[in-house]
Amino acid sequence: MPPNAVRHGPPEMIRERMPDNGFGRISADPAVREARTGVADPSSSAELHSALILSGDIGAGHKVVAATVADLLAPRGCRVHTLDSMALLGSAGASAGEAAFRRLLDIPGVYDAFHFSCLRPGTWPARFADRAARHYMVPRLAKVLEADRPDVVLAVFATGAAATAELARAGAAPPVVAFCTDVTPHRLWVHDGIGAYLVICKAAAEAVRRYQPRAHVVVVPRPVRRGFLTAPSQSVARRAFDVPAGEPCALLMSGGWGLGPISEAAAALADAGVHVLAVAGSNSALADRLRAVARSRPRIRPFGFTTEVPALMSAADLVITTSGVTCSEARAVGRPMLLLDVVPGHGRENLQQELELGGAAVASTDAASLTASALAVLERGTKIEAYDPTQAFTAGLDEVLASVRR
């Protein structure tokens with residue numbers, strides 16, 4: 001390996017049994033067992049005929065995780081139905097929920113306060129919001145479960161997990177698994193009625209056990225879409241996007257909503273001699289700004305929403321992004337990251353985890369500071385060994401499916 005390379009392997013899997021929760025007898029032994037992931041035992045998922053995945057249409061992260069898990073289950077003969085939890089609020093409720101979340105993100109200090117003072121400990125404002133959401137969601141979800149009759153529900157969105165857990169406590173839902181891809185699952189992720197939890201690190205496992213000490217928790221890596229595991233070589237990708245060989249290139253993106261000073265950063269990086277593949281996601285206003293700055297800067301190649309991110313990532317020497325699913329995708333391709341601290345609350349926690357994993361640096365968000373940090377990372381020549389998390393994730397998924405369906 002090169003001297004600046006960072007090796008990434010599967011995280012240790014943490015398993016702790018919980019008492020009988022109505023879905024079958026599970027050992028009450030509270031001992032924690034750790035082992036390296038190996039070849040998954042397919043017996044549980046081989047018998048899984050149908051699954052309901054509850055996602056959440058706020059940003060792109062939840063949808064990406066839901067789609068990735070669905071793609072892993074489908075080849076096993078499992079019929080998968082993915083449902084947007086926000087849709088269960090009704091059109092008015094979903095619009096209001098997204099608007100409130102966006103408004104909170106626009107005022108980072110307020111969202112930080114809400115996350116750390118309300119969501120994490122589960123104080124009354126968070127409980128009030130949770131009860132209000134479940135009031136609308138539970139009756140609608142009950143109808144879906146009655147019509148679909150899935151063998152298991154996998155919730156990758158906290159509100160979906162809460163609604164399904166309420167039905168499970170009443171005996172009106174199949175076994176429930178919650179999969180939280182944040183470093184610190186907050187209080188609204190954890191409920192009686194959830195049979196098992198998938199989380200991405202030991203800190204997340206302990207966060208779950210803060211609220212449910214005997215929870216069955218398994219640590220897995222975030223799964224990534226197949227396109228990132230089969231991305232083209234850098235030379236092939238660079239030819240596709242007209243990026244000259246041997247010249248510095250960065251992929252600049254900030255989630256589905258395009259948060260932060262992306263257009264300003266793209267201009268500053270291009271002026272410093274870096275080729276910039278700039279992705280706006282679903283942010284049409286940002287896409288317009290990127291096209292505007294690209295007119296006078298040939299090193300900028302602007303994109304709106306695109307499915308070509310695996311190839312764009314492969315073409316780049318550095319991925320500049322926010323913490324979250326994109327980081328796991330960058331690790332799968334084998335690209336170092338420069339992280340933007342623009343997502344408050346859970347985003348700050350996730351950023352710290354990426355720094356701990358290695359192969360990532362953090363930058364201030366003004367264009368000059370960001371450019372200085374990017375140039376420094378490019379000069380250091382940090383390399384990441386590409387890592388495929390599929391086997392480790394599948395092993396953990398099979399374990400929790402087996403445990404909740406006994």
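No lab work stands behind these numbers, since they all come straight from the coordinates. Here the structure is a predicted model, which means the values were calculated and not measured. Positions of Cβ are generated from backbone atoms using ideal geometry, with glycine treated the same way; all protein chains shown enter the neighbour counts.
Around THR68, with a cut-off of 9 angstrom between Cβ atoms, what is the net charge of the other residues, counting Lys and Arg +1 and Asp and Glu -1? That works out to +2.
Placing +1 on the Cβ of every Lys and Arg and -1 on the Cβ of every Asp and Glu, with no other charges, gives region 226-384 a dipole of roughly 440 debye about its Cα centre.
For the chain, a simple Cβ point-charge model (Lys and Arg +1, Asp and Glu -1, everything else neutral) yields a dipole of about 340 debye relative to the Cα centre.
Each residue, ALA376 and ASP106, gets one label point 7 Å from its Cα in the Cβ direction; the gap between the two is 3.3 nm. When the Gaussian network model of the chain links Cα atoms closer than 10 Å, the mean-square fluctuations of ALA162, ALA292, ALA316 top out at ALA292.
For the chain, the longest principal axis of the alpha carbon atoms and the long axis of helix 367-380 meet at an angle near 90°. Restricting attention to the chain, close to 5% of DSSP beta bridges with both partner residues there are antiparallel. Given the choices (i) 22.3, 77; (ii) 21.3, 66; (iii) 30.9, 97, Rg and Dmax of the Cα atoms in Å derived from the coordinates of this structure is entry (ii).
Only helical DSSP H runs with n ≥ 4 go in: add -39500 (n - 2.57) per run for the chain, normalise by residue count and round the 222 nm mean residue ellipticity to 500 deg cm²/dmol. -13000 deg cm²/dmol, from helical runs alone. For ARG131 and GLU356, the FRET efficiency from 1/(1 + (r/R0)^6), where r spans their Cβ atoms and R0 equals 51 Å, is about 0.90.
Approximating the spin labels as points 7 Å out from Cα along Cα→Cβ, the SER233-to-GLU206 distance works out to 4.5 nm. With a Förster radius of 60 Å applied to the C-beta separation of ASP288 and ASP192, the computed FRET efficiency comes to 0.80.
The stretch between ARG295 and ALA147 holds 48.0 nm of extra length on full extension. This uses 0.36 nm per residue minus the Cα-Cα distance.
Of the peptides 191-201, 360-370, the order by per-residue mean of other Cβ atoms within 10 Å, starting with the highest, comes out as 191-201, 360-370. One decimal place: the segment HIS49-THR306 gains 89.3 nm when fully extended, by the rule 0.36 nm per residue minus the C-alpha distance. The residues packed around VAL156, meaning those with a beta-carbon under 15 Å from its beta-carbon, carry a net charge of -1 if Lys and Arg are +1 and Asp and Glu are -1.
A protection proxy built from the mean count of other Cβ atoms within 10 Å ranks the segments 392-399, 230-237, most packed first, as 392-399, 230-237. Model label points for THR123 and ALA368, set 7 angstrom from Cα along the Cα-to-Cβ axis, are 3.8 nm apart.
For region 226-384, the gyration tensor built on C-alpha atoms gives a rounded shape. Its axis ratio a/c (a ≥ b ≥ c) stays under 1.5.
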